[in-house]
Amino acid sequence: MTEAKFAIVVLTTALLTPSGITAQIASRLEAGAVVTGRDGELPSSALQVAPGIRFDRPHIALSARGSAWLSEQQWQVADGIVSGTFTAPTVYGVRAELLSNASRAFSDQSLGNDQVDVQTRINVLFKHRGGIWVGGGVARPWRVAVVSSVDVTGGGAWTRVGDAMMSGTFTNFSFTKIAPGRDTAGASLSCATTTGPAPVDRSDAGAVFATQPAASLTCSRQSRFSDLEGAIHWEHGRLELNAQSGYRFGSAYDVDSGSRRWSAAAATLWLNDRVAFVTGGGRQPANAARGIPARSYGQVGMMLAAWPMPKATVAVAPARAVLVRSFDVRAAADGMQKITVRIGGVETVDVMGDFSDWSPLTLVRRGRDLWELSIPLSPGQHQINIRVDEGNWTAPPGVPTMRDGFNGEVGLIVVAGDR
Amino acid sequence: MTRFSRFLLGGMCGVALCAPGLVAQDPDPFAKLDPNSRFAVEAIIDSAQVAGLPWRNLRSRALEAIAKKVDSRRIVAAVRTRFTTLKEARAALGSVGDGELGAAAAVIEVGVKPEQLTALRNPPRGRSPLAALTVLGDLITREVPRDEAISAITKLWQEGRTDADFMGLFHGVESDILQGLNPGAALQNRIREFPGRAGIKPAPPAGEPETLSP
């Protein structure tokens, strides 16, 4: 329990840190009620608090988030993840990404394990329309009945149609695990390697593990299955809808009947730029490599602030023909100027100008469509360009502009000073 | 893990890890210029330093062009042009700050004659023509007839209008143009909103006496 309280305190403190301290940090907090149910069990409900924090640089993103449940007057860590993404610059529409995660997952108080994983992706972006990616990686779970690393390979495609973004992914999982000598239907299996009770790693004596080794015959068996999933994200005005549905291919040994098909949906209604009402529900498939069973869930709650859509979900769109709704530069504390941009439905917003020696600076998402960056600007005139989703550099709206002499335009900002 | 998947994973890791380093920004800002162009740009910047011109403006101009992937020959031409217009701006404006010189050089490059800026010459202490030059450049970029734009800005300047007045003019003209008004009509429309002004007329040729509009 000390661990849970510590995680909550650290993440909540980070969340409440004044945003002016560093403009590259974004945070959010979700709080609400969640109801979950596994097959054959009564549904259980809990109060969920999920703080998160994210640090963005042009080619590096670091994030941490977690969640804790208050159930039966006890706080319990539900999960936690620390992620890092290294993104190579886009060259001729092709971009490489390296993603790494360290996570701890709990299904309930008696079922928890850890995992470290790393993935690489090659994205091919088709201007304005969509893109495809292929990738692969390896995950290493601990404290589960998996005796090898998990090989993950897959690919996907995405496209934008109007206000909607649609994506489809196919992901293949392959690993060796210790399992009973019978499949989920009860049929006897031939084992490649017959062992006694499963040799589960119990190096952490304080933890309680998912695996309950069968007293009878167990197998060391190669397990393979593939997930085909489609997802759609649609936003219009203050409403955002997300839905996904999937099918898992694999033998009855590797895929239990409750994880063959799944679907889930969530709706977010923004009350203002930083506060949203969130509701949703559906079914999550089992995480076979980590021993987390399938579950159905429903949730309703509030979200404070937000950050960009995870890059792991959908590749970045280049040069989308969207317009910045507003652009503003105002004096902030300590000689800094705060750039505020309002634009929805994009993943990155960059500015560059004489103040940055014409190197791109990435704005931080502070709300649904709110992006901010604090920079030191000396009194005088400054030239500035803006781009969204790594598209073309343009002059921001609402400020004087001039032709730049290179077939484009720059915006002009006049910062008042002491005269 | 099969040998193939190890090879695939290793290869992709290599690409992901090496690519950022390969294209990372070089600490030498002019490293992307070919040697001849680099020599020319650095020589012009040195000349500006010797002449007491705002050489940082020239450096920024070169960096802007590099960031926008302009070819080296055009970069040299742009820096050389800016060097020339900075000299013309200083001759027109007299003793003003580097920022004002840079802004004046930019409006000269969009077609304003240096002598048309003499109305802004030697501003009184505590007053800067920066906002006036910024809005002038914007009006010309928005295709307001050049002479009308220059006339309007110089007269507002001579009337002692503030930076807020110039920015207000910009916002008004921008709004009218976005609503479909002809750029010249938009300027006429907005200039009438200033107290005591009924309109503008093009600035007289340089050297001729100038009268304020009623």
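Quick rundown of the values:
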{"read-out": "Residue list for the stretch A:332-382, filter: buried (at least 17 other Cβ atoms within 10 Å of the Cβ), of a type in the set (Asp, Glu) and in a loop (DSSP other than H, G, I, E, B)", "value": "A:Glu347, A:Asp369"}
{"read-out": "Qualifying residues in the stretch B:42-71 (those that are free of Cβ contacts under 8 Å to residues at least 24 places away in the same chain, over 19 Å from the mean Cα position of the chain (by Cα) and assigned to a helix (DSSP H, G or I)) - the one surrounded by the most Cβ atoms within 10 Å (Cβ to Cβ)", "value": "B:Glu42"}
{"read-out": "Selection status of A:Gly156, crowded, with 20+ Cβ neighbours inside 10 Å and either at pLDDT below 75 or under 19 Å from A:Glu347 (Cα atoms) (or both)", "value": "yes"}
{"read-out": "Which listed residue is facing another protein chain (nearest Cβ under 10 Å), over 20 Å from A:Pro400 (Cα atoms) and not in a helix (DSSP H, G or I), from B:Arg74, B:Arg125", "value": "B:Arg125"}
{"read-out": "Failed item, numbered, when A:Asp357 is tested on (1) under 31 Å from the mean Cα position of the chain (by Cα); (2) on the phi > 0 side of the Ramachandran plot; (3) of a type in the set (D, E, K, R)", "value": "(1)"}
{"read-out": "Residue count for the stretch A:215-241, restricted to those that are in a loop (DSSP other than H, G, I, E, B) and modelled with pLDDT of 90 or more", "value": "0"}
{"read-out": "Hits in the stretch A:368-419 - residues which are within 30 Å of A:Gly131 (Cβ to Cβ), within 11 Å of chain B (Cβ to nearest Cβ) and of a type in the set (A, V, I, L, M, F, W, C)", "value": "A:Ile384, A:Trp393, A:Ala395, A:Phe406, A:Val410"}
{"read-out": "Any hit, the stretch A:366-387, residues being free of Cβ contacts under 8 Å to residues at least 12 places away in the same chain and under 28 Å from B:Thr81 (Cα atoms)", "value": "no"}
{"read-out": "Number of the condition not met by A:Arg54 [criteria: (1) surrounded by fewer than 17 Cβ atoms within 10 Å (Cβ to Cβ); (2) at pLDDT below 85; (3) not polar (S, T, N, Q)]", "value": "(1)"}
{"read-out": "Residue match in the stretch B:108-118 (condition: at the interface with chain A (Cβ under 7 Å from one of its Cβ atoms) and touching a helix residue (DSSP H, G or I) at 6+ places or on another chain (Cβ under 9 Å))", "value": "yes"}
{"read-out": "Per-region count, the stretch B:128-141, residues within 8 Å of chain A (Cβ to nearest Cβ) and not in a helix (DSSP H, G or I)", "value": "1"}
{"read-out": "Selection count where residues are at negative phi, in contact with a Pro (Cβ under 7 Å, 6 or more places away or on another chain) and at pLDDT below 90, scope the stretch A:327-347", "value": "2"}
{"read-out": "Filtered residue count, the stretch A:55-99, keeping only those that are part of a loop (DSSP other than H, G, I, E, B) and in contact with a Leu (Cβ under 7 Å, 6 or more places away or on another chain)", "value": "2"}
{"read-out": "Matching option when the condition is within 14 Å of another protein chain (Cβ to nearest Cβ) and either among the small types (Gly, Ala, Ser) or crowded, with 24+ Cβ neighbours inside 10 Å (or both), among B:Gly172, B:Gly160, B:Gly180, B:Gly94", "value": "B:Gly172"}
{"read-out": "Residue among B:Arg82, B:Arg121, B:Arg90 that is at pLDDT below 90 and either aliphatic (A, V, I, L, M) or touching a helix residue (DSSP H, G or I) at 6+ places or on another chain (Cβ under 7 Å) (or both)", "value": "B:Arg121"}
{"read-out": "Residue in the stretch A:242-249 that is modelled with pLDDT under 90 and aromatic (Phe, Trp, Tyr) present", "value": "no"}
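The values are calculated or read from the model by the stated rules, or taken from the named source; none is laboratory data. Everything numeric in this text was worked out from a predicted model, so none of it was measured. Counting neighbours? That spans all protein chains shown, and the Cβs are built from the backbone with ideal geometry, glycine included.
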